[in-house]
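Okay, so here's the structure we're looking at.
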Amino acid sequence: MPQWKAQFISSPKPCEEGDPAPYFRKTFDVEPGVRHATVYVTALGVVEAHLNGSRIGDAVLAPGWTAYRERLMVAEYDVTDLLSTGPNVMGAIVGEGWAVGALTWNKSNHHYADRPALFMQLEIEYADRTEIVSTAPSSAPAKDSDWVVGPGGVRANGLYDGEVFDAQLEQVGWAAPGYDATAWWPTISYDWPMSSLRLSSVPPIRRIEELAAVEVTVSPTGYPIIDFGQNISGWVHLTLNNPRRGQDITIRHAEALKPDGALERETNRTALATDRYIAAGHEREEWEPRFTIHGFRYIEVEGWRGLPSLDDFRAVVVHSDMDRTGWFESSDAMLNRLHENAVWSMRDNFVGIPTDCPQRDERLGWTGDVNVFIASATYLYDVEAVLASWLSDLMIEQRSHGVMPRSAPLVDPRPSEPTALWGDAIVNVPWMLYQEYGRREVLRRCWPAMRAFVDEVATRLDPRGLWNTGFQYGDWADPDAPAREPGQAKTDKYLVAQAYLARTTDQMVRIAELLGEDEAREQYVELDTRVRLGFQEAYVTQRGIVKDETATGYALAICFGLLTDEQQTYAGKRLRGIIAGRGHIISSGFAGIPFVTDALTMTGHLDTAYAMLFQTQCPSFMYPVTMGATTFWERWDAILPDGHLHRTGMTSLNHYALGAISDWVRRVVGGLSSAAPGWSQIVVAPRPGGGLTTAETSHVTPLGLASVKWQIRDGEMVVTVVVPDGATARIVLPDHPEGLVATEGPGEHEWAYPLRGDH
Ligand code: BGC
């Protein structure tokens, strides 16, 4: 870490909601003979840094969101090429972002700071010395060689509400030498703990790609509406030809249209999601916001002359710049779209931290959502750095609140309680990161936090070992729960808590073993036994009937190993009966959804799992796909069969949690999974069904690319497998006449054989 000479500086005035963003600048001299120059930048707010008229780096919404008081990320950039001999200018625009702006449904702001504040430290290396130019409060009256602050085109900005940019007021050259900043005012120092500064270790949030508009329509209100064909997180880039000076363009964002073609803005709740651009009157103007972000597929444009063309707007996809690592494709277009929807919901919800949704007045790091989706997340993208950072925040919040928080960073003022699936993210998320990347550090680092959570829960168990008091989310968002009460699921919330606790205690035993924590291991073996016995006693009959007979209850009991072999077989039949009896629709919420198809597969009811996968009637896996969904929804019936939004107050069209099904799709349909931490042992075991004739999946494992492709052609099965260097694969060939199982090392392998059965 560099020695920090810089201080945080701000404008003297606190930020009111809707204030213009402060622009900061300072002039300094550079001598000939610069060898190298590095600048370190962070802010309370979101910062766009400039040097001599150029933007520094391509990160947006930097420094992202962390538990700022303890961890504030500092970006480091090589700026050698941007310096020149003589006068130079460095500067920055700081938006409100997460530190200053409105967050949560209360839209309360100033969670961390009452105004945007900037921190910049430039280190210029000459042959014989290093010179440092850094943020510091101005002398009074301020000179140009001081840091000064002034207004620019960004008139208002907020992550939820949007950005207002007045191009008439943007000062050309404000961050370059020669600009007259005598009207700008002095900066003051802003008090902030330097101990919070960390060099950033997470991939920045970036503009990842641009999508072309696919259709322009006119809303019943008369305004043009533009469809980008995909629900994304980001913003739009606009191009204006020959605008009138002062032409005022308002852009409203939404995820959906109403059946009459008007913008459906209800899913944003109180987030205004509205940008405004006021034109300068040049021949051609281009603009996009940088201090806000929206979850949207459609925009409505007010103030445009005539109808925009498809080329006037592009959608800019913005999220954490992680490497893609997982793919799936099959012979079925709907299944491919379902999988794509999970990928898109993941992209749209990994914006610095893993969030619940990108559009409404939340976008919080809910523990339960990432916990439900974690197996899909680790397959689809390299999430190691983003989630390691988020876990740090989770542990900070746990320490400062004395209990595992419901979201991290925590700004939700309601007290948290230890809960299943939300709270136990502190055990399962590190465990899954270890499984994927094979590195134990994450377990070691989170071990005290895991213990604090599990030991706290242990104190709450009754004498039978049951976790049956206190708040639980349970099988959140069960489609049979009353529309406005997603927590009122039909599966007993304490059954869900007990089942998840058994998964957690089992993981604790394994983690203690890996870390050589022998004493703790004994403690968790004992706890695990108590919890499992408790489950058996309270929730399962001798025969294997799980209390209340819900799909979620059976799925958890089967997948978490809570039944004897005989009970398991019987429970599988009952589960099959429940699913088939309801016509293969979905009757589970967050807790059950990742496990129902697995439980069916494990107990010999693959056909039922496929029937469920391909059911299109509401609520089902494919229903949203038939309704044109391009992301996973918060509830299966978020858009009702008549095309109207289900007005529940909890109707996001972009929640990845239910996209957890994509994990079963790649493991069972695609047939690729890992059998050892870090993928050193691979299992290839596709289970064709559902009328599919081909499927393929691939994954960039820590050892390299692994892939499986199976195709049915003229009664013949062809299976192609790629095993990366350093791995071995156990290959269970699907529908092989002799049930062939092979073990193969690195390289490409192919089998072709006549199919058994009735394919
Ligand atoms: C979020 C969920 C979250 C839940 C828990 C919601 O508002 O969007 O996905 O897990 O609250 O209370």
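The values are calculated or read from the model by the stated rules, or taken from the named source; none is laboratory data. Predicted, not measured: the structure shown is a model, and the values here were computed from it. In this analysis, Cβ positions are derived from the backbone assuming ideal geometry, glycine residues included, and neighbour counts consider all displayed protein chains. Protein only, heavy atoms only, side chains kept; ligands, DNA and RNA dropped before computing areas. Shrake-Rupley method; radii C 1.70, N 1.55, O 1.52, S 1.80 Å.
Summary table
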{"read-out": "First in the range 637-665 and over 14 Å from ALA256 (Cα atoms) and assigned by TED's automatic domain parsing to the domain that holds TYR379, second anywhere and assigned to a loop (DSSP other than H, G, I, E, B) and among the small types (Gly, Ala, Ser), Cβ under 8 Å, 6 or more apart", "value": "THR648/ALA483; MET650/ALA477; ALA657/ALA477; LEU658/ALA477"}
{"read-out": "Where a residue in the range 476-488 is free of Cβ contacts under 8 Å to residues at least 24 places away in the same chain and its partner, wherever it lies, is buried (at least 16 other Cβ atoms within 10 Å of the Cβ), with Cβ under 7 Å and at least six apart", "value": "GLY487/TYR473; GLY487/GLY474; GLY487/TRP476; GLN488/ALA481"}
{"read-out": "Boolean, ALA599 is over 21 Å from PRO354 (Cα atoms), within 16 Å of the ligand (Cβ to nearest atom) and in contact with a helix residue (DSSP H, G or I) (Cβ under 9 Å, 6 or more places away or on another chain)", "value": "no"}
{"read-out": "Which numbered condition ARG414 misses (of (1) within 14 Å of the ligand (Cβ to nearest atom); (2) under 30 Å from GLY158 (Cβ atoms); (3) buried (at least 20 other Cβ atoms within 10 Å of the Cβ))", "value": "(3)"}
{"read-out": "Scan of the range 649-664 for residues that are within 11 Å of the ligand (Cβ to nearest atom) and farther than 15 Å from SER620 by Cα, ordered by number", "value": "GLY649, MET650, THR651, SER652, ASN654, HIS655, TYR656"}
{"read-out": "Top-ranked residue of the range 134-190 - restricted to ones that are of a type in the set (D, E, K, R) and in a loop (DSSP other than H, G, I, E, B), ranked as surrounded by the fewest Cβ atoms within 10 Å (Cβ to Cβ)", "value": "ASP180"}
{"read-out": "Selected residue (only one of THR603, THR552, THR504 is of a type outside the set (A, V, I, L, M, F, W, C), within 26 Å of VAL370 (Cα to Cα) and touching a Leu at 6+ places or on another chain (Cβ under 9 Å))", "value": "THR552"}
{"read-out": "Of all residues in the range 487-515 being part of a loop (DSSP other than H, G, I, E, B) and open to solvent by 20 Å² or more (accessible area, probe 1.4 Å), the one that is nearest to the ligand (Cβ to nearest atom)", "value": "GLY487"}
{"read-out": "Residue match in the range 346-359 (condition: in contact with a Lys or Arg (Cβ under 8 Å, 6 or more places away or on another chain), surrounded by fewer than 24 Cβ atoms within 10 Å (Cβ to Cβ) and not basic (Lys, Arg))", "value": "yes"}
{"read-out": "Every residue from the range 203-232 that is open to solvent by 70 Å² or more (accessible area, probe 1.4 Å), within 25 Å of GLY643 (Cβ to Cβ) and part of a strand (DSSP E or B)", "value": "GLU215, VAL218"}
{"read-out": "Test: residue in the range 561-583 that is crowded, with 19+ Cβ neighbours inside 10 Å, away from the ligand (no atom under 16 Å from the Cβ) and part of a loop (DSSP other than H, G, I, E, B)", "value": "yes"}
{"read-out": "Residue list for the range 314-353, restricted to those being out of contact with any Asp or Glu (no Cβ under 8 Å at 6 or more places or on another chain) and within 16 Å of the ligand (Cβ to nearest atom)", "value": "ALA342, SER345, MET346, ASP348, PHE350, VAL351"}
{"read-out": "Cβ-Cβ under 8 Å pairs, at least 6 apart or on other chains, the range 292-305 side hydrophobic (A, V, I, L, M, F, W, C), far side open to solvent by 40 Å² or more (accessible area, probe 1.4 Å)", "value": "VAL301/TYR223"}
{"read-out": "GLY33 being in the same structural domain as VAL133 (by TED's automatic domain parsing) and buried (at least 16 other Cβ atoms within 10 Å of the Cβ)", "value": "no"}
{"read-out": "Candidates ASP369, ASP356 - the one that is within 11 Å of the ligand (Cβ to nearest atom) and part of a helix (DSSP H, G or I)", "value": "ASP369"}
{"read-out": "Some residue of the range 468-477 being touching an Asp or Glu at 6+ places or on another chain (Cβ under 8 Å) and away from the ligand (no atom under 16 Å from the Cβ)", "value": "yes"}
{"read-out": "Any chance ARG406 is within 12 Å of the ligand (Cβ to nearest atom), open to solvent by 10 Å² or more (accessible area, probe 1.4 Å) and free of Cβ contacts under 8 Å to residues at least 12 places away in the same chain", "value": "no"}
{"read-out": "Selection from the range 526-581 of residues that are closer than 17 Å to ALA489 by Cβ and among the basic types (Lys, Arg)", "value": "LYS547"}
{"read-out": "Looking only at the range 698-716, and only at residues there that are farther than 30 Å from ASP323 by Cβ and touching a residue at least 40 places away in the same chain (Cβ under 8 Å), the one that is surrounded by the fewest Cβ atoms within 10 Å (Cβ to Cβ)", "value": "GLY715"}
{"read-out": "Hey, TRP664 open to solvent by less than 30 Å² (accessible area, probe 1.4 Å), more than 22 Å from the chain's Cα centre (by Cα) and aromatic (Phe, Trp, Tyr) or not", "value": "no"}
{"read-out": "Pairs, first without any contact (Cβ under 8 Å) to a residue 40 or more places away in the chain in the range 673-697, second open to solvent by 30 Å² or more (accessible area, probe 1.4 Å), C-beta under 7 Å, six or more apart", "value": "SER673/ARG667; SER673/VAL683"}
{"read-out": "Qualifying residue in the range 378-395 (condition: under 25 Å from ARG666 (Cα atoms), open to solvent by 10 Å² or more (accessible area, probe 1.4 Å) and either within 15 Å of the ligand (Cβ to nearest atom) or among the acidic types (Asp, Glu) (or both))", "value": "yes"}
{"read-out": "Among (1) surrounded by fewer than 20 Cβ atoms within 10 Å (Cβ to Cβ); (2) within 16 Å of the ligand (Cβ to nearest atom); (3) modelled with pLDDT of 95 or more, the one test that PRO482 misses", "value": "(3)"}
{"read-out": "From GLN3, GLN7, residue being open to solvent by 30 Å² or more (accessible area, probe 1.4 Å) and free of Cβ contacts under 8 Å to residues at least 12 places away in the same chain", "value": "GLN3"}
{"read-out": "Residue match in the range 13-22 (condition: in contact with a strand residue (DSSP E or B) (Cβ under 9 Å, 6 or more places away or on another chain), within 24 Å of THR66 (Cβ to Cβ) and not in a loop (DSSP other than H, G, I, E, B))", "value": "no"}
{"read-out": "Residue within the range 530-547 that is within 16 Å of the ligand (Cβ to nearest atom), under 23 Å from LYS573 (Cα atoms) and either open to solvent by less than 10 Å² (accessible area, probe 1.4 Å) or not hydrophobic (A, V, I, L, M, F, W, C) (or both) present", "value": "no"}
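Residue by residue, here is whether (1) open to solvent by 40 Å² or more (accessible area, probe 1.4 Å); (2) more than 30 Å from GLY690 (Cβ to Cβ); (3) modelled with pLDDT under 95; (4) assigned by TED's automatic domain parsing to the domain that holds ASN654 holds:
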| site | (1), (2), (3), (4) |
| --- | --- |
| GLU300 | no, yes, no, no |
| ARG305 | yes, yes, yes, no |
| ASP311 | yes, yes, no, no |
| ASN336 | no, no, no, yes |
| ALA342 | no, no, no, yes |
